[in-house]
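The values are calculated or read from the model by the stated rules, or taken from the named source; none is laboratory data. Since the model is a prediction, treat every value here as computed from it, not as a measurement. SASA here: full protein model, heavy atoms, side chains in, ligands and nucleic acids out. Shrake-Rupley method; radii C 1.70, N 1.55, O 1.52, S 1.80 Å.
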Amino acid sequence: MTGQNRGMAGRPGADGPLGLYEIDRVEGRLAFIKAELKISDAQLPAWTVFAEAVRTNATTMHAERRYMSGRVGADVSLPDRLAAQANAFAAHAEEMAKLKDALDPLYASLSPEQKKTADEIVFSPMGVPLGMM
């Protein structure tokens, strides 16, 4: 199986494709991005705010995914599932706005070379950095 299929097949500890919501992987992803961007001491305060926003986003999305996985059983009505999905999307939009607010000052502090690197780093739909995948 590919990494994506293993995650979808219920690999232990995985909550989705490639285990995107595994909280224990966030620190490694952040370390990778920090190293790739070559964050300077002067950029460290903005980086710290951004990294905390990523951690919060991952934790929130992890909790929401866990909640949703418990709501998709046959005993939950279609309108209730749809309402739960709408709530999840609203929560995701709010988290993405917070993540963008944390990213903007960091991005503004980057050199042109760092910005080029940052622009090449891909984020998942949940906002979790995937640049190291």
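A few comments on the model shown:
- Some residue of segment 70-83 being at pLDDT below 85 and in a helix (DSSP H, G or I): yes
- Among (1) in a helix (DSSP H, G or I); (2) at pLDDT 85 or above - the single one ALA42 does not satisfy: (1)
Every residue, every condition in (1) open to solvent by less than 60 Å² (accessible area, probe 1.4 Å); (2) of a type in the set (Val, Ile, Thr); (3) modelled with pLDDT of 65 or more; (4) outside any helix (DSSP H, G or I), yes or no:
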{"site": "HIS92", "(1), (2), (3), (4)": "yes, no, yes, no"}
{"site": "ASP101", "(1), (2), (3), (4)": "no, no, yes, no"}
{"site": "ASP104", "(1), (2), (3), (4)": "no, no, yes, no"}
{"site": "GLU113", "(1), (2), (3), (4)": "no, no, yes, no"}
{"site": "MET126", "(1), (2), (3), (4)": "yes, no, no, yes"}
